[in-house]
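Q: Below is the structure I would like to discuss, written out as structure tokens.
The values are calculated or read from the model by the stated rules, or taken from the named source; none is laboratory data. Owing to the predicted nature of the structure, the values given are computational and were not obtained by experimental measurement. Ideal geometry is used to build each Cβ from the backbone, glycine not excepted, and the neighbour counts take in all protein chains shown. Side chains are part of the model used for accessible areas, which takes the heavy atoms of the whole protein and leaves out ligands, DNA and RNA. Shrake-Rupley method; radii C 1.70, N 1.55, O 1.52, S 1.80 Å.
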Amino acid sequence: MESNQVILGQTDIERIFPFSLRFNRNMEIVDYTFSLVELLGEVRGHSFLDVFKVVNSDAFGTIDFESFKNNSSVHLRSTLSTSPELLLQGHLVHQAENDTLIYLIFSADSVPLNDGLLTDSSLAKQMEAELIAAKEKADSSVKAKELFLANISHEIRTPMNVIIGMAELLDDAGVSDEYKRYIEAIKSSADGLLELINDILDFSKIEAGHLVLEETPSNLHKLFSQIELTFSERARQKGLFFIQQLDKDINDSLFIDTSKLTQVFVNLVSNAVKFTNNGFVKVTAKLMDMDDESQTIRFEVQDTGIGIQGENVDSIFQTFTQEDSTVSRKFGGTGLGLSISRSIIERMDGDIEVISEKGVGSVFHFTLKFLFAKQAPKTISILNEYTHKKSLKNCRILIAEDNPMNQMLISAILDKEEILYDITSNGERCIQRLKETEFDLILMDIQMPVMNGLLATQYIRNEMGSAIPIIALTANASKDDEMIYRNAGMNDHLSKPFRQDALFEKIRSLCDAQLMKKERVEVSVEREVPVNYSLSSIEEIAAGDQEFIVSIVDTFCKNTPNYLNQIAEGIAAKDLEKIRFSAHQMKPSIDILMIMDVKETIREIEEIAARDKNRDEEIQFIIEKFQHLSKSLIRVIDDLSERFLV
């Protein structure tokens, strides 16, 4: 083994500091560079405080992880026989994302001591100066790499926006079935490339220590419903059973970063479906512990797929790693998904593990603790986009976009809705056009020549005093960028590549109320209306087991609002398959509770959605049925909750 080989992980900081070691919160040495082997011997797994004695303990304070984290320098003596009483100096050079510290260790025998402390010698000053310079070089390297990846992402997303957008326009043009297959291939390949770009950006953020959690009050039941909608059909097409089990005692409102947790499940479940040809994929969430403030939940993703060889299990979470090269050739992928998932779970103070047997299958599991959030009132808000909205063709939109292909794409999309628009190629011309003509909304690119979108927005807000809605159309997709746009005065943003429906939704949400009226129908419960359901079938099955009845009622009350919202979202997106699937999922519970006034309604909704003939006409029929369905079911939920769950 060469002397410059690094045992410690391959981060920029560790390459720059060859004499360094890493220890965790328990003060356990978890790794170190090869250069320290000759000095200390094999010390991995040993306690830092068993290997070293802190010389300046009085000045250093309490000897624990926090004191090492808060002090940049410590003076040590080795306690090992390989280097008896060797005087060393340690400098903190990096606090890693997984809550470990990296210390640079070097010999300080040549520096005179004064009462057990290093004196302010020229050698010590030189070491400190070199250390600062090396750390600045490391930080600069990390920033340069992050900027490079961000720029590459931007340059790829811009043509990807045109590719995906034009494919959607072709798909809407009524082409033959043969050409539709070609279009689907284009869209699928583009989505795969976009997923790869996102993985690389996520990996870059994790490596730079910029992974930030955004925890908001969230519903795990709804998250599981979305996972089911995403993967159940894909599993069915492969002949697999897709099973989900969510503990009924898991709270409806917990503080969760749903985006990051969903990303973990998408990585794990997509792998499970990809690597399984027979049997099932099962996703479970089990409540393990609970107190007044939180719940601890164990998650599992199990499959009966190809499994992993025992000797390869420990390596699959490493970056760019798959079990072997044949996996990449046969199934595709970069080997980033599991590494990113592990980093997210660790950032959530969890630990992900896998149990696997080649040819039998795998179980990935992790446990997380979530704080309770305030319960939201049990009501359903349904966005009625079709019976009350006015035509978009009276909306005047100003476009600021310098890329000719993107100009052509946006024009073609807006032409479909007969929207009036004007196109400018930079921020300065956008401002001039806004001064000359009245518009209802601006679609603003960010990176443009002469004047970029941020400066143009600031001028419109501060100099012109205009409150016109501005949507950023950008290939920069990070949360930091989103905050910059908001601070500049933009109302919303849409990341490239974007979908037509997403663009129209943004426009409708911000255009003038007289042009774009959206009615939110709050489904209220009229207590005087009789509630029409029966528990006789459940009571017969339960045979006196009251807990069983309560569990059935609780499951119904938790799942039904999620299914109703899925149908509402399907209506908003004109997604008949989503409507059909959600209606199909609701039928068994409606039957077992004998909710007679909606028993036929839910079947009609499923049948109408399954026709897939005149989409607009079918949506109108579904809206009429859905109003009755939602009102009736909310009455049932409230009545059952009062009887069994209060």
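Q: Which one of these does MET594 not meet: (1) at positive phi; (2) modelled with pLDDT under 80; (3) open to solvent by less than 70 Å² (accessible area, probe 1.4 Å)?
A: Unmet for MET594, out of (1) at positive phi; (2) modelled with pLDDT under 80; (3) open to solvent by less than 70 Å² (accessible area, probe 1.4 Å): (2).
Q: Same structure again: Among (1) buried (at least 20 other Cβ atoms within 10 Å of the Cβ); (2) out of contact with any strand residue (DSSP E or B) (no Cβ under 9 Å at 6 or more places or on another chain), where does ASP616 come up short?
A: (1)
Q: Let me ask another. Check whether at least one residue in segment 512-535 is open to solvent by 40 Å² or more (accessible area, probe 1.4 Å), farther than 24 Å from PHE626 by Cα and at pLDDT 75 or above, and report yes or no.
A: No, that holds for no residue.
Q: Regarding segment 562-575, can at least one residue be identified that is at pLDDT below 80 and more than 23 Å from ILE623 (Cα to Cα)?
A: no
Q: Could you look through segment 387-407, keep only residues that are of a type in the set (A, V, I, L, M, F, W, C) and not in a strand (DSSP E or B), and pick out the one that is modelled with the lowest pLDDT?
A: Quick first cut of segment 387-407, residues of a type in the set (A, V, I, L, M, F, W, C) only: 392, 395, 397-400, 405.
Next cut, not in a strand (DSSP E or B) only: 392, 395, 405.
Numbers: LEU392: 72, CYS395: 85, MET405: 83.
Step by step, filter segment 387-407, then rank; the result is LEU392.
Q: Select from segment 157-182 the residues that are in contact (Cβ under 8 Å) with a residue 60 or more places away in the chain and open to solvent by 70 Å² or more (accessible area, probe 1.4 Å) and list them in ascending order. Write out each step before concluding.
A: Here is the first cut: in segment 157-182, the ones in contact (Cβ under 8 Å) with a residue 60 or more places away in the chain are 157-166, 168-169, 172.
Once the filter is applied, which keeps residues that are in contact (Cβ under 8 Å) with a residue 60 or more places away in the chain and open to solvent by 70 Å² or more (accessible area, probe 1.4 Å), segment 157-182 yields ILE163, ASP172.
Q: For residues that are within 25 Å of PHE498 (Cα to Cα) and open to solvent by 40 Å² or more (accessible area, probe 1.4 Å), tally how many sit in segment 429-449.
A: Residues meeting the conditions: 3.
Q: Can you list residue pairs whose Cβ atoms sit under 8 Å apart, with the first residue in segment 484-499 being farther than 22 Å from LYS187 by Cα and the second being open to solvent by 20 Å² or more (accessible area, probe 1.4 Å) and in a strand (DSSP E or B)? Count only pairs 6 or more apart in sequence or on different chains.
A: TYR485/HIS493
Q: Moving on to the next point. For segment 343-370, which residues satisfy the criterion of being over 10 Å from GLY305 (Cα atoms) and assigned to a loop (DSSP other than H, G, I, E, B)?
A: Passing the criteria: MET348, ASP349, GLY350, ASP351, ILE352.
Q: Which residue out of GLY307, GLY332 is open to solvent by less than 30 Å² (accessible area, probe 1.4 Å), farther than 21 Å from GLN226 by Cβ and at pLDDT below 80?
A: Of the residues listed, the single one that is open to solvent by less than 30 Å² (accessible area, probe 1.4 Å), farther than 21 Å from GLN226 by Cβ and at pLDDT below 80 is GLY332.
Q: So, LEU211, is that one modelled with pLDDT under 70, in a loop (DSSP other than H, G, I, E, B) and in contact with a helix residue (DSSP H, G or I) (Cβ under 6 Å, 6 or more places away or on another chain) or not?
A: yes
Q: Still on this structure: Applying the selection to segment 629-646, what residues are open to solvent by 80 Å² or more (accessible area, probe 1.4 Å) and under 14 Å from ASN532 (Cα atoms)?
A: LYS631
Q: If you go through segment 408-445, how many residues are hydroxyl-bearing (Ser, Thr, Tyr) and assigned to a helix (DSSP H, G or I)? Outline the logic, then answer.
A: Going through segment 408-445, the residues hydroxyl-bearing (Ser, Thr, Tyr) turn out to be 411, 421, 424-425, 437.
Subsequent filtering for residues that are assigned to a helix (DSSP H, G or I) retains 411.
Counting residues in segment 408-445 that are hydroxyl-bearing (Ser, Thr, Tyr) and assigned to a helix (DSSP H, G or I) gives 1.
Q: Contact list please: Cβ distance under 6 Å, first residue in segment 303-327 and at positive phi, second residue at pLDDT below 70 and buried (at least 17 other Cβ atoms within 10 Å of the Cβ), pairs at least six apart or on different chains.
A: Here the result reads PHE320/GLY335, each pair linking segment 303-327 to a residue that is at pLDDT below 70 and buried (at least 17 other Cβ atoms within 10 Å of the Cβ).
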